[in-house]
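Engineer: First the structure, then my questions, so here it is.
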Amino acid sequence: MTVDLPGRQIRFGAHAIPIGAAVVVMGSVLLLGMRQSFTVPGALGFSPASLVFFGCGLLWVLTRIVGQRSRAELGILSAAVVLYAVASLLSFASLASKPTEPAVLASSQTNLITEFALVSVFFFIVTVIRTREALEWVAKGLVIGGAISATFGIIQYGTGMDLAAMLKPPLLKDHGSVLSEALMREGFARPQGSAGHPLELSAILTVLVPIALGVVYSARAQGRRSWHWAALAVVLVGGAALTLSRSAVVGLGVAVLFMAWTWPVRRVLALVGIVGVPLVVAYVTDSKLLNAFVQIFATSGTDSSLQSRDRGRAYVLEHFSDHLWFGEGTATYSARGYPVLDNQYLGRLMEAGVIGVLAFVLLLGAGFGAALVASRRFSQRAARSGNRADAGMFELTRGIAAAIAAVAVIAIILDISGFAQIWLLMWIFLALAGSAFHIVRAEDRNEAFGPITTPDADRPATEEPEPQAVR
């Protein structure tokens, strides 16, 4: 049994897509473009996207069992992924060693299995995404899936119709939306698109915007058409704005500022104009949506959601030392009915202790670092050789790094592990960062040492062998 997917390809019009990339693209579109409350009958409550990704993760595990080896060569990132899983395992072991309510123990056990499944998905992706084309196709698949969800959100905002809930594929079970009714903010019903909550939709679209910008500028750098990807980027921004979320503004600001640091001045000015003109028009016309955003930030001191976060932080500061090193156990905080945190770092601290939260920080930092190193090396190669393909990869990998940075910021104001789509999306980003790092290292190694050839490798395929002397 082998995972020999990177070298095999399928045709899509004039383009060839590696099969491994096609599988990840399909899973990504199903993950972001479809409600995860739609599950496959007889599949243990898995949605189609979960079934695809966890099936791929299981395939990777089986190939390791039968002896297949394909070194990821990701250095610190691989170590960070393993350390994160070990920290969760130690946290569960600490919980299981003490008398615990059966429901809480079962919740922690299910979460632990899910986290190990996500680790296997990570390694599957970095195993099959080994080429520039594969990396680019997966990024495009994420943008398409996010744009579908954003479109559902825009339609829901404009018409009140929850189209994402109506378009249930046949034969799937519908467990219902996470929301029982639309959440209101400043007089607006906040759409949720294909996500389970407006906050999740906001987080997803926010972290996908830098990926979309990376795809757009990568296509432009290579002289290809980019207007359709630019249109999808606008849809992502529009959908995020309609969720009326502070996290969308903060996360998007961090991501764009990070990317703009290396942009030409003309591009920055053009982006400022693209964003500034609608804002000026909204201000002149006294837009209710713009006024709602102003009110959201102006009334932050009295906002009930922020006040609940303050109570959660106070609780953590008082009780985190009760289980300092390994925490109370993974997925136990909300199960015990503690105050709301909406903070992934504090939640991880309470559930997995200091070891667990440090492992999570290292995980995000290693993924960001891997994407940043890949981006810098592609930039250096583009400057040295003038290769437009290298310039395109610089733009794309820069977008991946910015997306991970946005995830790290949003995790401060949202418990991302509690939402299926954004949590799995984070692991996909980390895997893409690892794939980008592997690709650039492999190409640098090939440039340094040249292709490995056999003694007959230089002989043309059509050349007749030299006659042997007859003895």
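Engineer: Would you mind working out the magnitude of the charge dipole of the chain relative to its Cα centre, with +1 at each Lys and Arg C-beta and -1 at each Asp and Glu C-beta, to the nearest 20 Debye?
Structural biologist: 760 debye
Engineer: Please list, ordered by chain and number, the residues whose modelled amide H lies under 5 Å from the amide H of Ala195; skip anything fewer than 5 residues away on the same chain.
Structural biologist: none
Engineer: If R0 is 45 Å, what FRET efficiency do you get for Lys288 and Ala103 from their C-beta distance, rounded to 0.05?
Structural biologist: So, using R0 = 45 Å, E works out to roughly 0.50.
Engineer: I would also like to ask the following. Is the stretch 232-271 best put as rounded, prolate or oblate by its Cα gyration tensor, with a ≥ b ≥ c the root eigenvalues, rounded for a/c under 1.5, and otherwise prolate when a/b is larger than b/c, oblate when not?
Structural biologist: Note, shape of the stretch 232-271 comes out oblate.
Engineer: Among 400-408, 199-207, what's the highest-first ranking by average C-beta atoms within 10 angstrom per residue?
Structural biologist: Going by the mean number of other Cβ atoms within 10 Å, highest first, we get 199-207, 400-408.
Engineer: For the stretch 38-75, which chymotrypsin sites (Phe, Trp or Tyr not before Pro) are in a loop by DSSP, counting at most 16 other Cβ atoms within 10 Å?
Structural biologist: Of the chymotrypsin sites (Phe, Trp or Tyr not before Pro), the ones in loops of the stretch 38-75 whose Cβ has at most 16 other Cβ atoms within 10 Å are Phe46.
Engineer: Leaving out ligands, DNA and RNA, and with a 1.4 Å probe, what % of the accessible surface on the chain is carbon or sulfur?
Structural biologist: 65 percent
Engineer: Here is a follow-up. Under the definition of Cα pairs under 8 Å and six or more residues apart, what whole-number percent is the relative contact order of the chain?
Structural biologist: Across the chain, relative contact order equals 21 percent.
Engineer: How big is the accessible area of Thr131 in square angstrom, nearest 10, if you roll a 1.4 angstrom probe over the protein chains?
Structural biologist: 40 Å²
Engineer: What are the ³J(HN,Hα) values, in whole Hz, obtained from phi via the Karplus relation 6.51 cos²θ - 1.76 cosθ + 1.60 with θ = phi - 60°, for each residue of the stretch 166-173 in sequence order, with x given for Gly and Pro?
Structural biologist: With coefficients 6.51, -1.76 and 1.60, one gets 6, 8, 7, x, x, 6, 7, 8 Hz.
Engineer: Got a sec to turn the phi values of the stretch 322-336 into Karplus ³J(HN,Hα) couplings, 6.51 cos²θ - 1.76 cosθ + 1.60 with θ = phi - 60°, whole Hz, x for Gly and Pro?
Structural biologist: Computed from phi, the couplings for the stretch 322-336 are 5, 9, 5, 7, 10, x, 8, x, 4, 6, 10, 4, 5, 5, 8 Hz.
Engineer: Can you give me the long-range amide H partners of Asp342? Hydrogens built in the peptide plane at 1.01 Å from N, cutoff under 5 Å, separation of 5 or more residues or another chain.
Structural biologist: Under 5 Å from the amide H of Asp342: Asp415.
Engineer: Further question on the same structure: What FRET efficiency comes out for Gln295 versus Gln68 if R0 is 41 angstrom and r is the Cβ-Cβ distance? Round to the nearest 0.05.
Structural biologist: 0.10
Engineer: Something else now. Rounded to the nearest 500, what is the 222 nm mean residue ellipticity of the chain from helices alone, with -39500 (n - 2.57) per DSSP H run of 4+ residues and division by all residues?
Structural biologist: -23000 deg cm²/dmol
Engineer: Skipping prolines and chain starts, which residues have an amide H placed within reach, meaning under 5 Å, of the one on Trp325, given they are 5 or more residues away or on another chain?
Structural biologist: Long-range HN contacts for Trp325: Val354.
Engineer: List the trypsin sites (Lys or Arg not before Pro) within the stretch 69-145 that DSSP assigns to loop and that have no more than 15 neighbouring Cβ atoms inside 10 Å.
Structural biologist: Passing both the DSSP loop test and the Cβ count: Arg69, Arg71.
Engineer: While we're looking at this one, here's another question. So which helices of the chain fit the span-like rule, where a helix is a whole DSSP H run, its Cα atoms reach 24 Å or more along the axis, and its mean Kyte-Doolittle is at least 0.5?
Structural biologist: Correct list, ordered by number: 48-65, 76-96, 102-128, 132-159, 198-221, 265-284, 344-385, 388-410, 420-449.
Engineer: Trypsin sites (Lys or Arg not before Pro), restricted to the stretch 185-270: which are DSSP loop and have at most 14 other Cβ atoms within 10 Å?
Structural biologist: Passing sites in the stretch 185-270 are Arg224, Arg225.
Engineer: Now for a separate question. When only alpha-carbon atoms are used, what values of Rg and Dmax, in angstrom, describe the chain?
Structural biologist: 23.9, 100
Engineer: Same structure again: How much area per residue is accessible in the chain when the probe is 1.4 Å and only protein heavy atoms are counted (Å²)?
Structural biologist: 47 Å²
Engineer: Towards the positive end of the charge dipole of the chain, with charges on Cβ (+1 Lys, Arg; -1 Asp, Glu), say which of Ile274, Val66, Gln109 has the farthest Cα.
Structural biologist: Ile274
The values are calculated or read from the model by the stated rules, or taken from the named source; none is laboratory data. What you see is a predicted model; the values in this text were computed from it and never measured. Heads up, the Cβs are rebuilt from the backbone with ideal geometry, glycines too, and the neighbour counts pull from every protein chain shown. All accessible areas refer to the heavy atoms of the entire protein, side chains included, with ligands and DNA or RNA removed. Shrake-Rupley method; radii C 1.70, N 1.55, O 1.52, S 1.80 Å.
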